[in-house]
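Engineer: Could you have a look at this structure, given as structure tokens, before my questions?
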């Protein structure tokens, strides 16, 4: 990012630890999905602390940035999926995720759905918004 651009926009980075075993990114996207869920759920405490007293009007989230989707739903603010590398289409899951028929079949999905339910949110929101699957 060019020098000063972030500051001019008024953006402040929120740094949070991500636990990792240090291994390379997996070749199988289904396994990568599980890692992304783990990292997103691990970021929730830091992101919640950073924004709970100054809630955003809009949350932009990456295709695997489930924390943004979760916090937007929790706070009742609109969320927008920013996905420069993924586009939802019929057949996405079987083609890229080891033949899976949908999100609910991916490793890590149960933890993500539980995180929604634990916060009183309908896990159906995951299907509507994650990976653009509901669009």
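Engineer: Any chance the range 37-44 includes a residue that's touching a helix residue (DSSP H, G or I) at 6+ places or on another chain (Cβ under 8 Å), surrounded by 18 or more Cβ atoms within 10 Å (Cβ to Cβ), modelled with pLDDT under 90 and over 23 Å from residue 98 (Cα atoms)?
Structural biologist: Among the residues of the range 37-44, not one is touching a helix residue (DSSP H, G or I) at 6+ places or on another chain (Cβ under 8 Å), surrounded by 18 or more Cβ atoms within 10 Å (Cβ to Cβ), modelled with pLDDT under 90 and over 23 Å from residue 98 (Cα atoms), which makes the answer no.
Engineer: Right, something else. So which residues in the range 101-120 are crowded, with 19+ Cβ neighbours inside 10 Å, in contact (Cβ under 8 Å) with a residue 24 or more places away in the chain and in a helix (DSSP H, G or I), if there are any at all? Even if it seems obvious, please write down each step before you answer.
Structural biologist: From the range 101-120, those crowded, with 19+ Cβ neighbours inside 10 Å are 103, 106, 108-109, 112-113, 115-116; that's our starting set.
Filter once more, so that each one left must be in contact (Cβ under 8 Å) with a residue 24 or more places away in the chain: 103, 106, 108-109, 112, 115-116.
Residues satisfying the conditions are 103, 109, 112, 115, 116.
Engineer: Based on what the data block shows, is residue 74 closer than 16 Å to residue 44 by Cα, loosely packed, with under 13 Cβ neighbours inside 10 Å and in contact with a helix residue (DSSP H, G or I) (Cβ under 9 Å, 6 or more places away or on another chain)? Please lay out each step first, then the result.
Structural biologist: Details: closer than 16 Å to residue 44 by Cα: yes; loosely packed, with under 13 Cβ neighbours inside 10 Å: no; in contact with a helix residue (DSSP H, G or I) (Cβ under 9 Å, 6 or more places away or on another chain): yes.
Considered against the rule, which asks whether it is closer than 16 Å to residue 44 by Cα, loosely packed, with under 13 Cβ neighbours inside 10 Å and in contact with a helix residue (DSSP H, G or I) (Cβ under 9 Å, 6 or more places away or on another chain), residue 74 comes out as no.
Engineer: Please return the ranges of helices (runs of 4 or more DSSP H) entirely within the range 1-99 where 1 or more residues are closer than 24 Å to residue 123 by Cβ.
Structural biologist: Working: elements: 5-9, 29-51, 66-75, 92-96.
By residue number, 29-51, 66-75, 92-96.
Engineer: Next up: Considering the range 40-72 alone, what residues qualify as being farther than 24 Å from residue 109 by Cα and touching a residue at least 12 places away in the same chain (Cβ under 8 Å)?
Structural biologist: Taking the range 40-72 and keeping what is farther than 24 Å from residue 109 by Cα, we get 49-58.
50, 51, 55, 56, 57, 58 - these are the residues of the range 40-72 that are farther than 24 Å from residue 109 by Cα and touching a residue at least 12 places away in the same chain (Cβ under 8 Å).
Engineer: On the basis of being modelled with pLDDT under 85 and within 21 Å of residue 25 (Cβ to Cβ), does residue 106 make the cut? Can you show your working first?
Structural biologist: Details: modelled with pLDDT under 85: no; within 21 Å of residue 25 (Cβ to Cβ): yes.
In short, no.
The values are calculated or read from the model by the stated rules, or taken from the named source; none is laboratory data. Please read these numbers as outputs of a predicted model, since none were measured by experiment. Note: ideal-geometry Cβ built from the backbone for every residue, glycine included; neighbour counts use all protein chains shown.
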